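J.: Can you keep this structure in mind? I'll have questions shortly.
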Amino acid sequence: MAVSDERDRAPENALKRGRAAYFALRGAGMGARAAARLVGVNYRTAKRWSAAARHRGELSPRYLTAAERLRIAAELKKGASARKIAAELGRAPSTVARELRRNAQPYRPHEAQDKAFRRRRQCAS
């Protein structure tokens, strides 16, 4: 029975792996169409995945997380540059520079997270 159960779930597991791969590619900065094509799913399927993730309240990997903002604050206290912080986070230097520009000195990560959340809510309504 175990082999049969495994075969029954194979398409479902493949779809879950495809979804995970799609979001990983999107998080790395690839466009939605290109990521869907690379994963091997229709663009509409990928759009449904993204819409469902937004509906569940999941954040796109495009946005900085609270943990990343805390790390930015810690690295700033050590005197690290925006480029060095970006390299450690695996982000573009412009992302970190924009974050620091939006949230004036002294950088407060919790306030920055709250402001980002409010900005996202304003755009959604």
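The values are calculated or read from the model by the stated rules, or taken from the named source; none is laboratory data. In this text the structure is predicted, and so the values were computed from the model without any measurement. Counting neighbours? That spans all protein chains shown, and the Cβs are built from the backbone with ideal geometry, glycine included.
J.: Among the candidates Arg71, Arg44, which residue alone is out of contact with any helix residue (DSSP H, G or I) (no Cβ under 8 Å at 6 or more places or on another chain) and at pLDDT 90 or above?
T.: When all the criteria are applied, what remains is Arg44.
J.: Hey, another quick one. Could you please find all residues in segment 75-91 being of a type in the set (A, V, I, L, M) and modelled with pLDDT of 90 or more?
T.: Answer for segment 75-91, where residues must be of a type in the set (A, V, I, L, M) and modelled with pLDDT of 90 or more: Leu76, Ala80, Ala82, Ile85, Ala86, Ala87.
J.: Output the residues belonging to segment 38-52 that are under 16 Å from Arg17 (Cβ atoms), out of contact with any Lys or Arg (no Cβ under 7 Å at 6 or more places or on another chain) and part of a helix (DSSP H, G or I).
T.: Leu38, Val39, Thr45, Ala46
J.: Would you point out which residue out of Leu64, Leu100 is surrounded by 12 or more Cβ atoms within 10 Å (Cβ to Cβ) and modelled with pLDDT of 90 or more?
T.: Leu100
J.: What are the residues in segment 103-120 that are at pLDDT below 85, within 18 Å of Ala74 (Cα to Cα) and not small (Gly, Ala, Ser), if any?
T.: Gln105
J.: Scan segment 18-33 and tell me whether some residue there is surrounded by 13 or more Cβ atoms within 10 Å (Cβ to Cβ), small (Gly, Ala, Ser) and touching a Pro at 6+ places or on another chain (Cβ under 7 Å).
T.: yes
J.: Return yes when Arg37 is in contact with a Phe, Trp or Tyr (Cβ under 7 Å, 6 or more places away or on another chain), more than 19 Å from Gly90 (Cα to Cα), at pLDDT 85 or above and among the basic types (Lys, Arg) and no when it is not.
T.: no
J.: Here's a follow-up. Return the residue satisfying two criteria in turn: it lies in segment 69-97 and is part of a helix (DSSP H, G or I) and of a type in the set (D, E, K, R), and of such residues it is surrounded by the most Cβ atoms within 10 Å (Cβ to Cβ).
T.: Among residues in segment 69-97 that are part of a helix (DSSP H, G or I) and of a type in the set (D, E, K, R), the one surrounded by the most Cβ atoms within 10 Å (Cβ to Cβ) is Arg69.
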